[in-house]
1. Looking for something assigned by TED's automatic domain parsing to the domain that holds residue 29, more than 23 Å from residue 1 (Cβ to Cβ) and charged (D, E, K, R) - is there at least one such residue anywhere in region 147-163?
2. Return a yes/no flag: does region 72-81 have any residue that is among the basic types (Lys, Arg), farther than 23 Å from residue 156 by Cβ and modelled with pLDDT of 95 or more.
3. Select from region 68-82 the residues that are over 18 Å from the mean Cα position of the chain (by Cα) and either acidic (Asp, Glu) or surrounded by fewer than 16 Cβ atoms within 10 Å (Cβ to Cβ) (or both) and write down the one among them that is nearest to residue 98 (Cα to Cα).
4. Would you confirm whether or not region 222-242 contains a residue that is at pLDDT 90 or above, within 29 Å of residue 45 (Cα to Cα) and surrounded by fewer than 15 Cβ atoms within 10 Å (Cβ to Cβ)?
5. From the list 187, 161, 180, which one is over 22 Å from residue 21 (Cα atoms) and either touching a Leu at 6+ places or on another chain (Cβ under 8 Å) or hydrophobic (A, V, I, L, M, F, W, C) (or both)?
6. Would you be able to say whether some residue in region 136-159 is assigned to a loop (DSSP other than H, G, I, E, B) and within 18 Å of the chain's Cα centre (by Cα)?
7. Tell me, which helices (runs of 4 or more DSSP H) wholly within region 170-241 include 1 or more residues that are outside the structural domain of residue 84 (by TED's automatic domain parsing) and more than 30 Å from residue 9 (Cα to Cα)?
8. Does residue 177 count as surrounded by 14 or more Cβ atoms within 10 Å (Cβ to Cβ), within 24 Å of residue 6 (Cα to Cα), touching a residue at least 60 places away in the same chain (Cβ under 8 Å) and within 25 Å of the chain's Cα centre (by Cα)?
Amino acid sequence: MERKKFRSVIYSYYDEQGRSFPWRRNLAPWGILVSEFMLQQTQTERAVSYWERWMEKWPTAACLDKAPLEEVLKEWSGLGYNRRAMYIKECANIITTEHKGIVPQTPESLLELPGIGPYCSGAISCFAYNYPSVFIETNIRAVMLHFFFKDQEGIKDSELLPLLEKHLDKENPRKWYWALMDYGAALKKTTPNPNRRSAHYTRQSAFKGSLRQIRGSLIRSLVKCSPAAPEELRKSLDVKTDEEEFYQALKSLEKDSLVAEAGGRYRIKQ
């Protein structure tokens, strides 16, 4: 499909049925950064209330930098993948102390921040600064596979990225990526998910009974009562776990610098 026609299809849909989110109405770079962390592994609609609460409480990087990690994790509770909250706090510290409170503008400079990879760096630079970066995520991938790789299997992102660059609306990349994402989100509701034909497609493992579930329960317990001995912690969990799984989850949180041990008792890391 030629570029003019492709853009027309995508923009026509967006102009009529584009979604509205608070981080699209408020384009403050700090809010964009927070939203991109929240949107990793979390449904967009679910992230809205968390984002609004966070931005009311910590409207700038400097505000979050002053907050204890324990308080940050408490506000994050329910979103899962708690390491994301720690990364946002680490980003807040670097932005405040090394960038005078200003979120870096380019993908290259954003990649230097904790927890930010190729997609996140491209998305933040684009949505915060209207920078013409080239990046891909699940909804964008679905659109490209649907229009340019019909009936083909095992397509790699390396094959999609040149097409994304070719069709990028460099005059308004922010609107273009919003439109692509919204079209892709709708596409997956009306057709068999095109992403199944991606070389990178994997089904998410079950949450119930997983290490992720135990880690989340541990964080919730430590936010409520910290410090605590392992025996106390295990009894306070809201999920069932055997001793091996419990210690595996606890040690993984310690390794990720989310919790710390002192004198045989554990607490959220200061």
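The values are calculated or read from the model by the stated rules, or taken from the named source; none is laboratory data. Since the structure is predicted, the reported quantities are computational estimates derived from the model, not experimental observations. Here the Cβ positions follow ideal geometry from the backbone for every residue, glycine too, while neighbour counts run over all protein chains shown.
1. First, pick out the residues of region 147-163 that are assigned by TED's automatic domain parsing to the domain that holds residue 29: 147-163.
When the remaining residues are screened for being more than 23 Å from residue 1 (Cβ to Cβ), the result is none.
No, region 147-163 contains no residue that is assigned by TED's automatic domain parsing to the domain that holds residue 29, more than 23 Å from residue 1 (Cβ to Cβ) and charged (D, E, K, R).
2. Step one: filter region 72-81 for residues among the basic types (Lys, Arg), giving 74.
With the extra rule that they be farther than 23 Å from residue 156 by Cβ, the set shrinks to 74.
Next, only the ones that are modelled with pLDDT of 95 or more stay: none.
The answer is no, given that none of the residues of region 72-81 is among the basic types (Lys, Arg), farther than 23 Å from residue 156 by Cβ and modelled with pLDDT of 95 or more.
3. First, pick out the residues of region 68-82 that are over 18 Å from the mean Cα position of the chain (by Cα): 68-71.
With the extra rule that they be either acidic (Asp, Glu) or surrounded by fewer than 16 Cβ atoms within 10 Å (Cβ to Cβ) (or both), the set shrinks to 68, 70-71.
Numbers: 68: 20, 70: 24, 71: 23 Å.
Out of the qualifying residues, it is 68.
4. no
5. Working: 187 fails: over 22 Å from residue 21 (Cα atoms); 180 fails: over 22 Å from residue 21 (Cα atoms).
When all the criteria are applied, what remains is 161.
6. Step one: list which residues in region 136-159 are assigned to a loop (DSSP other than H, G, I, E, B), which gives 136-137, 149-154, 156.
Subsequent filtering for residues that are within 18 Å of the chain's Cα centre (by Cα) retains 136-137.
Yes, because at least one residue in region 136-159 is assigned to a loop (DSSP other than H, G, I, E, B) and within 18 Å of the chain's Cα centre (by Cα).
7. Details: elements: 173-190, 211-224, 230-236.
Those helices (runs of 4 or more DSSP H) span 211-224, 230-236.
8. For residue 177, the condition - surrounded by 14 or more Cβ atoms within 10 Å (Cβ to Cβ), within 24 Å of residue 6 (Cα to Cα), touching a residue at least 60 places away in the same chain (Cβ under 8 Å) and within 25 Å of the chain's Cα centre (by Cα) - is not met.
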